[in-house]
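See below for the structure under consideration.
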Amino acid sequence: MSASLNPNFPNEVPANDGRTPWTPAEFEAQLRAKEAKYHIFHAFNKRLNSGALQPFQVRGWVANRFYYQAAIPMKDAAIMGNCPDRATRRRWLERITDHDGHGDFNVEEGRGGGIETWTRLGLATGLTREDLWSFKHVQAGTRFAVDAYVNFARKAPWQEGIISSLTEMFAPKIHADRLATWPSAYPWIDQSGLGYFRSRIPLAQRDVEHGLEVALSWCDTRAKQERAIQILQFKLDVLWSLLDAVEKAYPDDLAEELRP
């Protein structure tokens, strides 16, 4: 992982060094410019969305990404645990139920949450629930990257934890691309399994609004603003590293007996 942020010292909030902060518009533009490093541009993702992958490679990606999906509520709970502000906690709580769901687990898409809808994606690709929930296909690089993200959220000031979620700014495009290309690129996948991508587009837009509010309010010095850019790059590196691990684990010529 090439993260420019060392997640082992997240409690060191940078002091004001006297430099003039960027204006809110300039700061937001700096954050949004990080889209150039989003994993939508990773070679594996390009192949995934163009229909160039074999079924076992798609299943490998789905199984490894599930480890990230399952970790999201733990990351969000860690941020809440560090946050003394009741209003923020109440607002942030929505993210946990977005992924963990509410009521019965095996229910309609709107109540099952993101983890359940991702499970349905796995089933649609030919994986079983045991394949997913056992994490037996999860690569070491995936575990390392995702665990680093959760540990960062546990140790960081809650504002920095929220800033790390701002990769959501770039997510609607990657979900829309999958909805547009997968039905024709992978006709063997039941389209009922694509519900996760549909559900996340409006939720990501809502989450970005809150994340930017926190970032623009808390980052009132140039040092904090630059720290936020580092944090966002760290999260981008987590997502990129996950794809690095999957790409290496599932080459085109992988032996049949090793395929998920």
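So for the chain, taking the charge dipole from beta-carbon charges (+1 Lys/Arg, -1 Asp/Glu), which of 141, 84, 16 sits furthest toward the positive end?
16
Which whole-Hz ³J(HN,Hα) couplings does region 192-209 yield from phi under the Karplus relation 6.51 cos²θ - 1.76 cosθ + 1.60, θ = phi - 60°, glycine and proline marked x?
With coefficients 6.51, -1.76 and 1.60, one gets 5, x, 8, x, 4, 5, 5, 6, 6, 4, x, 5, 4, 5, 5, 5, 4, 4 Hz.
Is it possible to state the helix-based mean residue ellipticity at 222 nm for the chain, with each DSSP H run of 4+ residues giving -39500 (n - 2.57), the sum divided by total residues, to the nearest 500 deg cm²/dmol? What is it?
Per the formula, -21500 deg cm²/dmol.
Can you tell me the length gained on complete extension of the stretch residue 135 to residue 255, counting 0.36 nm per residue apart and subtracting the Cα distance? Walk me through the numbers before you get to the answer.
On the way: separation 120, 0.36 × 120 = 43.20 nm, distance 2.02 nm.
Full extension of this stretch gives 41.2 nm more.
Write down the accessible area per residue of region 175-224 in Å², having rolled a 1.4 Å probe over the full set of protein chains.
Values: 2110 Å² over 50 residues.
Solvent-accessible surface per residue comes out at 42 Å².
Compute the separation of the alpha-carbon centres of region 187-245 and region 43-67 and state it in Å as a whole number.
Comparing the Cα centres of region 187-245 and region 43-67, I get a distance of 20 Å.
Which of the residue pairs 34/248; 37/173; 173/235; 34/155; 136/248; 46/173 have a Cα-Cα distance greater than 20 Å in the structure shown? Write out the running numbers ahead of the final one.
Values: 34/248 25 Å; 37/173 14 Å; 173/235 17 Å; 34/155 24 Å; 136/248 16 Å; 46/173 13 Å.
Violating the 20 Å Cα-Cα cut-off are 34/248; 34/155.
With all protein chains present, how much of the accessible area of the chain (probe radius 1.4 Å) comes from carbon and sulfur, to the nearest whole percent?
C and S fraction of accessible area: 52 percent.
What whole-number value in cubic angstrom gives the convex hull volume per residue for the C-alpha atoms of the chain? Working shown, then result.
Values: hull volume 31.6 nm³, N = 260.
Once divided by residue count, the hull of the chain is 121 Å³.
Along the charge dipole of region 159-237, which of 205, 232, 176 sits closest to the positive end, that is, farthest toward it, with unit charges on the beta carbon of Lys, Arg, Asp and Glu (+1, +1, -1, -1)?
Working it through, the farthest residue towards the positive pole turns out to be 176.
Applying the Karplus parametrisation 6.51 cos²θ - 1.76 cosθ + 1.60 with θ = phi - 60° to the phi angles of region 71-77, what ³J(HN,Hα) value in whole Hz is obtained for each residue in order, glycine and proline being reported as x?
After applying 6.51 cos²θ - 1.76 cosθ + 1.60, I find 7, 4, x, 5, 4, 5, 5 Hz.
Report the label-to-label distance for residue 20 and residue 33 in nanometres (one decimal), using points 7 Å from each Cα along the Cα→Cβ vector.
Result: 1.6 nm between the two label points.
Within a Cβ distance under 13 Å of residue 148, other residues only, what is the Lys/Arg minus Asp/Glu net charge?
Numbers: positive: 75, 143, 154, 155, 235; negative: 147, 237.
Neighbour charge sum, excluding residue 148 itself: +3.
Using Cα springs under 10 Å in a Gaussian network model of the chain, which residue among 84, 73, 24 shows the largest mean-square fluctuation?
Of 84, 73, 24, the most mobile in the Gaussian network model is 84.
Can you compute the radius of gyration and Dmax for region 156-250, using only the Cα atoms, both in Å?
Gyration radius and largest Cα-Cα distance of region 156-250: 16.3, 52 Å.
Using a Förster distance of 25 angstrom, determine the FRET efficiency expected from the C-beta separation of residue 93 and residue 176, and round it to 0.05.
Numbers: r = 27 Å, r/R0 = 1.08.
That gives a FRET efficiency of 0.40.
Can you run phi through the Karplus equation (6.51, -1.76, 1.60; θ = phi - 60°) for region 113-130 and list ³J(HN,Hα) in whole Hz, with x for Gly and Pro?
With coefficients 6.51, -1.76 and 1.60, one gets x, x, 5, 5, 5, 5, 4, 5, 4, x, 4, 5, 8, x, 7, 9, 4, 5 Hz.
Can you compute the charge dipole magnitude of the chain about its Cα centre, using +1 on each Lys and Arg Cβ and -1 on each Asp and Glu Cβ, nothing else charged? Give it in debye, rounded to the nearest 20. Show your work: numbers first, answer last.
Details: 32 positive and 33 negative charges, 50 e Å.
With only Lys, Arg, Asp and Glu charged at Cβ, the dipole is about 240 debye.
To the nearest 20 debye, what is the magnitude of the charge dipole of region 208-256 about its Cα centre, counting +1 on the Cβ of each Lys and Arg and -1 on the Cβ of each Asp and Glu?
For this selection, approximately 460 debye.
To the nearest 0.05, how large is the calculated FRET efficiency for residue 40 and residue 86 if R₀ is 45 Å and r is the Cβ-Cβ distance?
Working: r = 36 Å, r/R0 = 0.80.
Taking R0 as 45 Å, the efficiency between residue 40 and residue 86 is 0.80.
The values are calculated or read from the model by the stated rules, or taken from the named source; none is laboratory data. Just so you know, these numbers come straight off a predicted model, no measurement behind them. Using ideal geometry, Cβ is built from the backbone for each residue, glycine included, and neighbour counts are taken over all protein chains shown. For the accessible areas, the whole protein counts, side chains as well, though only heavy atoms, and no ligand, DNA or RNA atoms are used. Shrake-Rupley method; radii C 1.70, N 1.55, O 1.52, S 1.80 Å.
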